[in-house]
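**Student:** Quick one: structure below, then a few questions.
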Amino acid sequence: MRIAVASGKGGTGKTTIATSFATALSQTYSTISCLDCDVEGPNAHLFLKPTISQRSPVVTLIPEVDTDVCTGCGRCAEVCQFHAIVVLNRNPLVFPQLCHGCGSCSLVCPENAIVEVPKPLGILESGPTKEGITFAHGVLNVGEPMAVPVITQLKNWQDLSNAEIVILDAPPGASCPVVETLRGSDYVILVTEPTPFGLHDLTLAVQLTRELDIPCGIIINRDGIGDNRVDEYCHSANLPVLMRIPFDRKIGEGIAQGKTLLDIQPDYSERFQNLFEQIEGRIYNKEGEK
């Protein structure tokens, strides 16, 4: 089972939920994977403290044009949807930062003047935690704009996704990296906070899960601040509120020290076990309706 933990905005406690959830489930299930897919700013390792034992580079293929063979026909530029290659005055120009590595330009070139060369994007790292969780994350190279290929390779790396339960810590927002993280998930937990900004970004995240046709539920973090408009929205949109985590100084101090919710308050172990049972029931109910 794949469960993604996402949020419409950063700073809502998404990684806190993902790492605490994985830790709680590791007490019951033998094979748990936790993948930190926020490759632009991964921080789940600060809470799970894995022993990194394996590393692998992430590369993508970008076009390289042999100008001695190229005739400047422009077929490559016509087929590129992302304008990563253009032809000016019959001279080809490649913009590697825009390239999505689809290979279309090399396929349509009538002169076979285009070859694909590897370009480093980042690195994948993995290792076990003391609780027995198989942890992995991707780290995007500084200045690289393409996070999606790193997330794709992370999700398919070393059969990490074949564990009994896979928890995916998604990037914040509702952009392409979030879509790639959520793709293929059985359920999405959306973490929000009861503030106007929290509500605004929650609605965007809910829209995304509905476009992807993935069931979702809500965890309200820092419960007790703001107002009740998030609750009203969840009620009107028929979204289940799965858990509430109070706005509590002790929790805030613990998170700042790199502790999971279980480290701060052990009773969260049972609460996250119950959360999984709720999600499991909702997934099976949805499958039964199809």
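The values are calculated or read from the model by the stated rules, or taken from the named source; none is laboratory data. Just so we're clear, the structure is a prediction, and the values are computed from it rather than from any experiment. Virtual Cβ from ideal backbone geometry, glycine too; neighbours counted across all protein chains shown.
**Student:** Among the residues of the stretch 218-227 satisfying the criterion of being without any contact (Cβ under 8 Å) to a residue 40 or more places away in the chain and within 24 Å of Phe272 (Cα to Cα), which is surrounded by the most Cβ atoms within 10 Å (Cβ to Cβ)?
**Tutor:** The extreme case among them is Ile220.
**Student:** Within the stretch 238-290, take every residue that is in contact with a helix residue (DSSP H, G or I) (Cβ under 8 Å, 6 or more places away or on another chain) and part of a strand (DSSP E or B) and give me the one that is farthest from Ser185 (Cα to Cα).
**Tutor:** The extreme case among them is Ile245.
**Student:** Looking only at the stretch 67-87, which residues are of a type in the set (Gly, Ala, Ser), at negative phi and part of a loop (DSSP other than H, G, I, E, B)?
**Tutor:** Ala84
**Student:** Restricting attention to the stretch 192-213, which residues are more than 13 Å from Ala174 (Cα to Cα) and buried (at least 20 other Cβ atoms within 10 Å of the Cβ)?
**Tutor:** Hits for the stretch 192-213 are Thr192, Glu193, Pro194, Gly198, Leu199.
**Student:** Out of Thr28, Thr15, which single residue is among the β-branched types (Val, Ile, Thr) and surrounded by fewer than 22 Cβ atoms within 10 Å (Cβ to Cβ)?
**Tutor:** Every option except Thr28 fails the conditions.
**Student:** Please state which one of Pro172, Pro145, Pro118 is part of a loop (DSSP other than H, G, I, E, B), over 30 Å from Gly281 (Cβ atoms) and not assigned by TED's automatic domain parsing to the domain that holds Glu78.
**Tutor:** When all the criteria are applied, what remains is Pro145.
**Student:** Quick check: is even one residue across the stretch 92-104 exposed (fewer than 14 other Cβ atoms within 10 Å of the Cβ) and over 31 Å from the mean Cα position of the chain (by Cα)?
**Tutor:** Looking for residues that are exposed (fewer than 14 other Cβ atoms within 10 Å of the Cβ) and over 31 Å from the mean Cα position of the chain (by Cα), one finds at least one in the stretch 92-104, hence yes.
**Student:** What pairs can you find where one residue is in the stretch 63-83 and in the same structural domain as Ser106 (by TED's automatic domain parsing), the other is among the aromatic types (Phe, Trp, Tyr), and their Cβ atoms are less than 9 Å apart, with a gap of 6+ or different chains?
**Tutor:** Going by the 9 Å Cβ cut-off, the qualifying pairs are Phe82/Phe95; His83/Phe95.
**Student:** Looking at the stretch 1-66, what strands (runs of 3 or more DSSP E) fall wholly within it and have at least 1 residues that are more than 19 Å from the chain's Cα centre (by Cα)?
**Tutor:** 54-65
A quick yes/no check of all residues on (1) touching a strand residue (DSSP E or B) at 6+ places or on another chain (Cβ under 7 Å); (2) without any contact (Cβ under 8 Å) to a residue 40 or more places away in the chain; (3) closer than 26 Å to Leu98 by Cβ:
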| site | (1), (2), (3) |
| --- | --- |
| Pro120 | yes, no, yes |
| Thr134 | yes, no, no |
| Gly143 | no, yes, yes |
| Val150 | yes, no, yes |
| Lys155 | yes, no, yes |
| Asp201 | no, no, no |
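**Student:** Another question about this same structure. Out of all the residues in the stretch 204-214, is one or more of a type in the set (S, T, N, Q), closer than 30 Å to Pro149 by Cβ, part of a loop (DSSP other than H, G, I, E, B) and in contact (Cβ under 8 Å) with a residue 12 or more places away in the chain?
**Tutor:** no
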